[in-house]
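Report on one structure; see the data block that follows.
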Amino acid sequence: MKKSILIIQWIVGLLFIFSGLIKANDPLGLSFKMQEFFEAWHLEGLHNYTLVASVVMNILEVVAGVALIIGWQIKRVSWLLLLLIGFFTFLTSYVLFSGKIHACGCFGDCVPLSPIQTFIKDIVLLLLIVALLIKSNITKQLFSNVSSILIIATSFILLVGLQWYVQKYLPVLDCLPFAKGKNIAEGLKLPPNAVADSVEIIFKYKKDGKIVEFDQNNFPEKFDSTFEYVDRYDKLIRKGNGLALISDFKLTTLSGNDTTQALLNSNSYYVLLLVKDASNIGKWKNDNFELLNTIAKAKKISLFIVTSTATEIAEQITSLPILQCDATVIKTAARVNPTYMFMKGAVIVEKLSYASEKKLLSTFNKFNP
């Protein structure tokens, strides 16, 4: 029995450490996933707290896993793990049975699991943790209290440091479809034999103070200038059976011209500076930014600012062309605001945070179009 409990201790502990570490590599990704849940539950007011919750959750997972393996405060740690896995099981069951969220993100983007796989994993962990609680009296602490506390404190400090680092310099392990070496054009394609969603365009107009809707094949018979355009949207007719790795990646100029394919199909070098918003523009629009711009011009490398807040950015930067892109795409591609993507056609040659100033300068200087 002791041997079985020891094996369970290590399995549960290592799984929690792995889960916490893989998400600590990208705490922003977990915070975005939390926002999906809050939106599904109509709790959008909690969005501002998701990053803090993400960081704390990752630390708890790793520290609790370490404490479990070394046998420190085993009963209390097991209760903590039971609370955590109970919460995770609730989330995964919601994902599985509601269908409102595609995946729970339990292992981040690096280890994608289907909802049913994640739910089964959590149920198994739940049973294992219950067994640990029942038999906690036969477990042994590997180190003295002082040594155990030092080990746990070290793991805490390392997790805080890791999550600070990746929020400033990009994730250490980039598992996103916009990672270095990825081909954006390939990512936009559906998997082999997959069928895309079937949609129809629905137009919204105002007529005599009332909103009327119709599709592109059924315009009103007496459609004239008295109809005031309001909006248009895509209505899902038939759900497809596959998703492209990248969706909604579309680059348009301020005048509305789509330049996506022109850039992706080119064989030239260019740089996309992905800017989420202008909240920290004072940090990166400095002498180094101007130097990078000067080097790019000297080497005839096109440098574009890509943002969803084009008007806001255009007011502060007039020296570079600005392209508009969906905000979700930018959040996915650039975990740091802003992020440089060095491109050759559709291939991402290099991807760097604005904070990696020396590496940015070196990369610009090495470019030989």
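The values are calculated or read from the model by the stated rules, or taken from the named source; none is laboratory data. Predicted model only: the values in this text are computed from it and were never measured. Every residue, glycine as well, gets a Cβ built from its backbone with ideal geometry; the counts of neighbours run over all protein chains shown. Heavy atoms of the whole protein, side chains included, go into the accessibility calculation; ligands, DNA and RNA do not. Shrake-Rupley method; radii C 1.70, N 1.55, O 1.52, S 1.80 Å.
For this structure, a couple of remarks:
- Carbon plus sulfur fraction of accessible area for the range 1-108, probe 1.4 Å, in percent: 72
- For ILE59, ILE151, the ranking by accessible surface with the largest value first comes to ILE151, ILE59, using a 1.4 Å probe.
- The range 30-59 and the range 69-92 have their alpha-carbon centroids 20 Å apart.
- Mean projected area (nm²) of the alpha-carbon convex hull when the range 219-369 is viewed from all directions: 12.4
- Distance from the C-alpha centroid of the range 307-325 to that of the range 333-367: 18 Å, rounded to the whole angstrom.
- For log10 I(q)/I(0) by the Debye sum over Cα atoms at q = 0.06, 0.07, 0.11, 0.14 Å⁻¹, computed directly from the structure shown, the correct entry in [x] -0.37, -0.50, -1.01, -1.26; [y] -0.22, -0.30, -0.73, -1.15; [z] -0.32, -0.43, -0.93, -1.23 is [z].
- Cysteines without a disulfide-compatible partner [the chain; Cβ-Cβ under 4.7 Å]: CYS104, CYS106, CYS325
- Of the Cα atoms belonging to the range 3-54, the radius of gyration and Dmax stand at 15.2, 48 Å.
- The slack in the chain from PHE223 to ILE116, taken as 0.36 nm per residue of separation less the alpha-carbon distance, amounts to 33.5 nm.
- Dipole of the chain, positive end: most advanced residue of LEU43, GLN141, VAL329 [Cβ charges, Cα centre]: GLN141
- Within the accessible area of the range 111-235 (1.4 Å probe), percent carbon and sulfur: 60
- Heavy-atom surface of the range 1-132, accessible at 1.4 Å and reported per residue (Å²): 48
- Distant-in-sequence amide H partners of ASP326 (H built 1.01 Å from N, under 5 Å): LYS250
- Counting heavy atoms of the protein chains alone, GLU213 has an accessible area of about 100 Å² for a 1.4 Å probe.
- Non-local lysine pairs in the range 130-231, meaning eight or more places apart or on different chains, with alpha-carbon distances under 23 Å, amount to 7.
- A convex hull fitted around the alpha carbon atoms of the range 39-103 yields 97 Å³ per residue.
- Backbone HN-Hα couplings from phi across the range 143-154 [Karplus 6.51/-1.76/1.60, Hz, Gly and Pro as x]: 10, 5, 4, 5, 5, 4, 5, 5, 5, 5, 5, 5
- On the principal axes of its alpha carbon atoms, the range 82-225 extends 85, 39, 39 Å, with the longest extent given first.
- Each Lys and Arg adds +1 at its Cβ and each Asp and Glu adds -1 at its Cβ; summed about the Cα centre, the range 184-343 shows a dipole of about 440 debye.
- Relative to the longest principal axis of the Cα atoms of the chain, the long axis of helix 287-298 makes an angle of roughly 50 degrees.
- Summary of the geometry: the range 150-215 and the range 263-306, compared by the centres of their Cα atoms, lie 22 Å apart.
- Crossing angle, helix 50-70 versus the chain [Cα axis fit, 0-90 degrees, rounded to tens]: 30
- Estimated FRET transfer efficiency (ASP287, HIS47; beta-carbon r; R0 30 Å; 0.05): 0.30
- Considering only LEU303, GLN261, ALA278, the residue lying farthest towards the positive end of the dipole of the range 230-306 is GLN261, judged by Cα position with unit charges set on Cβ.
- Accessible area of the range 294-369 belonging to carbon and sulfur atoms, whole % at 1.4 Å probe: 50
- Rolled with a 1.4 Å probe across the full set of protein chains, the surface gives PHE223 an accessible area near 80 Å².
- Sum of -39500 (n - 2.57) over DSSP H runs of 4+, divided by residues of the chain (222 nm, nearest 500): -15000 deg cm²/dmol
- Cα-centre dipole for the chain with unit charges at Cβ (Lys and Arg positive, Asp and Glu negative), debye to 20: 1440
- Derived scalar couplings ³J(HN,Hα) [the range 92-104; Karplus, 6.51 cos²θ - 1.76 cosθ + 1.60; whole Hz; x for Gly, Pro]: 5, 5, 5, 4, 5, 9, 8, x, 7, 10, 5, 7, 8
- Accessible area per residue, Å², the range 251-366 with all protein chains present, probe 1.4 Å: 44
- The alpha-carbon atoms of the range 146-304, seen along their principal axes, cover 80, 50, 40 angstrom, with the largest extent given first.
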